[in-house]
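Accompanying notes for the structure given below.
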Amino acid sequence: STISMNSLKSSLLKLECHFTWTLLKQDVDLGHLEETVDDQIEFFIESNITNYNLLAYVCHLKGSNEEALRNLQKAEAAAQKNHPDEIDWRILVTWGNYAWIYYHMKRYEEAQTYINKVENSCKKLSNTDQWKIQLPEIYAEQGWALLKFGRKYYERAKDCFETALKNEPNNPRFNAGYAIVMYRLEDFSLRQCEEIIPSLELLKRAVELNPKSTFIMALLALKLQDVKQADEGERYIEEAMQITPDLPYVQRYAAKFYRRKGEVDKAVEILKKALAVTPKSAFLHHQLALCYKGKLYQLKNTTRYPPQEQVEEVIRLAIFHLKTAIAQKAKFFTAHIELANMYAEGKRYEEAEETFQKAFQINILFDNDKQEYYYRYGNFQRFHMKSESEAIRYYLEGLKIDKESYGRIACRNALKKLLEKRIQRGLEDAADFGTLGLVHKLSGEKHKAIECYEKAIALCPNNEEYLSALCELRLSI
């Protein structure tokens, strides 16, 4: 062929499209991603170019290039139909994806044709020879794609939307994307006990610029509920439900709002309506399970002897919906942890153990996920398996991960309580003092740690571990 492979490859790498944005397939659940993008194509017509492009990339990752080409044709058609006067730049990402897919299909002439199309468009748009044209719309499209690939990508998504907004600060879609990514980042930062730019003002601005977007209205409502302005939040939820009563993306957040408000039955009703429209949504199944979990704790806390058949029914429903969520989205960590707990509640200990193990094997866990895992698994060992020593071992694992989070705080508190209880029972055990010393040491409480190690050594004078820990602590003060 007349095309040199080297120059083809180097041209491909210069394209701005999904193939050059390092979106790694091991970080997502491809089947689940395909499902959610399909749903969004159905419900969010205005962003279909973006969604068809992403779907084409997902099809390629799944090994179906023909299907990928069909989605790129749909992206092209959407651009022609909705933005005929801006076709030059609306379609650059689509053309870049075409070039890559043809390259992977070894149809090199066609790949080169699309590279030329991009090049000519860029020349026309920027009056220079430069390839990489810095279009805000392309940064935004990259931001949306990164957002879909999960939490590992949120920081990069945030940078993309910020770059897009520099050029067009009042663009409604850019503001929407930025608010969504900041809402999610803030949620994770809170779990990790970090301070970040709150998303509340960004969501308010996004709603002003997108007065028809009930999806963002619903997020704003949840944020207001977080900051104890639930009444104002509820006004937004009600408005969103009036404008788009049948949009599952609004229903799911509305249900979450009412569940957190304590109106569990109302939440269940809304979720069932939404499931009728998007029956495979892992999010909806998970939310329903949380409602049943809430009902379980209500039953247990309000009556001394809750009716057994009611308890069993609520547990059964929670397990059913959690299993469905995981079947849809295999890397759904929280759903795994909740399922393990529900099995334990139903005294199905082998299945609980197995589910905990599966949760820990998910390859995209962050430190705070692992800490939460150790805390919940420690609880399982302590309250269901009746093994305090195993519980202590796992709480310690969580505490040893040196990044503050709710999970780590929970491990620390559980350890202190449990060890102090054991010591109060008067089972003067050097190991308990030694472990409590370690807990204080890992928590930066040096003087308390020294006290504990001294008590441990009094009970067990020649223990190397305690002696060296004590020595190290004294030197560090």
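A few notes on this one:
- With all protein chains modelled, accessible area of Ile319 [1.4 Å, Å²]: 10 Å²
- Accessible carbon and sulfur surface of the chain relative to its total accessible area, %, 1.4 Å: 51 percent
- Accessible solvent surface per residue of the chain, calculated while the other protein chains remain in place, 1.4 angstrom probe, Å²: 48 Å²
- Calculated [θ] (222 nm, deg cm²/dmol) that DSSP helices of n ≥ 4 give over the chain, each run adding -39,500 (n - 2.57): -24000 deg cm²/dmol
- Only Lys, Arg, Asp and Glu carry charge here, each on its Cβ (+1 for the first two, -1 for the last two); on that basis the chain has a dipole of about 500 debye about its Cα centre.
- Dipole of the chain computed with +1 at Lys/Arg Cβ and -1 at Asp/Glu Cβ about the Cα centre; of Met241, His32, Cys193, farthest Cα towards the positive end is Cys193.
- Dipole magnitude (debye, nearest 20) for the stretch 361-477, charges at Cβ of Lys, Arg, Asp, Glu: 360 debye
- Of the residues Met5, Ala456, Cys291, the one whose Cα sits farthest toward the positive end of the charge dipole of the chain, with +1 on the Cβ of Lys and Arg and -1 on the Cβ of Asp and Glu, is Ala456.
- A simple charge model with +1 on the Cβ of Lys and Arg, -1 on the Cβ of Asp and Glu and nothing else charged puts the dipole of the stretch 280-365 at about 280 debye relative to its Cα centre.
- For the stretch 257-317, the set of trypsin sites (Lys or Arg not before Pro) satisfying both a DSSP loop assignment and a count of at most 10 other C-beta atoms within 10 Å is given as Arg304.
- If the chain linking Ser468 and Gln134 were pulled fully straight, counting 0.36 nm for each residue of separation and taking away their Cα-Cα distance, it would gain 114.4 nm.
- Loop-located chymotrypsin sites (Phe, Trp or Tyr not before Pro) in the stretch 1-58 whose Cβ has at most 15 other Cβ within 10 Å (DSSP): Phe44
- Among Ala318, Pro169, Ile401 the positive-end extreme of the charge dipole of the chain (Cβ point charges): Ala318
- Loop trypsin sites (Lys or Arg not before Pro), the stretch 398-475, which have at most 15 other Cβ atoms in a 10 Å radius of their Cβ (DSSP): Lys403, Arg425
The values are calculated or read from the model by the stated rules, or taken from the named source; none is laboratory data. Just so we're clear, the structure is a prediction, and the values are computed from it rather than from any experiment. We place every Cβ from the backbone using ideal geometry, glycine too, and count neighbours over all the protein chains shown. Surface areas here come from the heavy atoms of the whole protein model, side chains and all, with no ligands, DNA or RNA. Shrake-Rupley method; radii C 1.70, N 1.55, O 1.52, S 1.80 Å.
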